[in-house]
Amino acid sequence: MSTDASRKPIPSNPEINELEEAPEIEVLDTGDRPTLELPPIRLHDAAPMSEYQRYIKQLEEHHGWTGVNLIENCFLMGEEVGELFKAVRKVKGFYDQADAPEEERAELVANVGEEIVDVLNYLLAIANRLDIDVERAFIEKNTKNLSRSWKA
Ligand SMILES: [Mg+2]
């Protein structure tokens, strides 16, 4: 295990710091070789999507995954989408069983949450490789969608 002295703080987005003191994301200073020790995740409660994208970029650098190309990331995300659907199917199965124990519900739903994060991580990794600002794209696309007419 590394000590706190080996942790190298990464500066936060200055625009965020102007709004409120935001905790900095920290990654371990691992030199040339990534270790199995994961960096602590410290995101501001109201962190913008750019902070999530920055965290994923740092995480990939930490693990040495930056060489995983765009197409490989798409396939890896596809695998995680499959895992997400399986987790959802298990929750659905739970609800279909009238006598299913209630204690299992939280665990199954939590598993869906984990798989959503796996998908999101790859989605952000894909966006990062294309220099897409997901927050901006989200706003622009949903603004465009507002002017669309949706047929039933
Ligand atoms: Mg998964």
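Could you list which residues have their amide H under 5 Å from that of LEU43, counting only those 5 or more apart in sequence or on another chain, with H placed in the peptide plane?
For LEU43, no residues qualify.
Here is the link list: LYS57/LYS92; LYS57/LYS151; LYS92/LYS144; LYS57/LYS86. Which ones come out longer than 31 Å on Cα distance? Before the final figure, lay out each step's value.
Working: LYS57/LYS92 34 Å; LYS57/LYS151 39 Å; LYS92/LYS144 33 Å; LYS57/LYS86 28 Å.
Listed pairs above 31 Å: LYS57/LYS92; LYS57/LYS151; LYS92/LYS144.
Among residues other than GLU107 whose Cβ falls under 11 Å from its Cβ, what is the net charge (Lys/Arg +1, Asp/Glu -1)?
Numbers: positive: LYS90, ARG105; negative: GLU102, GLU103, GLU104, GLU114.
Charge balance near GLU107 sits at -2.
Given points 7 Å out from each Cα along the Cα-Cβ axis, report the THR143 to VAL88 separation in nanometres with one decimal.
Taking the two extended label points, one gets 2.9 nm.
Hey, could you pull the Cα Rg and Dmax for segment 38-152, both in Å?
Considering segment 38-152 through its Cα atoms, Rg and Dmax are 17.5, 49 Å.
Kirkwood hydrodynamic radius of segment 46-109 from all distinct Cα pairs, in Å?
14.7
Modelling each spin label as a point 7 Å along the Cα-to-Cβ direction, I'd like the ILE71/ASP45 distance in nm, to one decimal.
The modelled label-to-label distance comes out at 4.6 nm.
How far apart, in nanometres, would the label points at VAL117 and HIS63 be if each is projected 7 angstrom from Cα along the Cα-to-Cβ direction?
Output for this residue pair reads 1.2 nm.
When only Cα pairs under 8 Å and 6 or more residues apart are kept, what is the percent relative contact order across segment 68-152?
38
Since every read-out is calculated from the coordinates, none of them should be taken as a lab result. It should be emphasised that the depicted structure is a prediction, and the values quoted were computed from it without experimental measurement. As a convention, Cβ positions derive from the backbone with ideal geometry for all residues, glycine included, and neighbour counts pool all protein chains shown.
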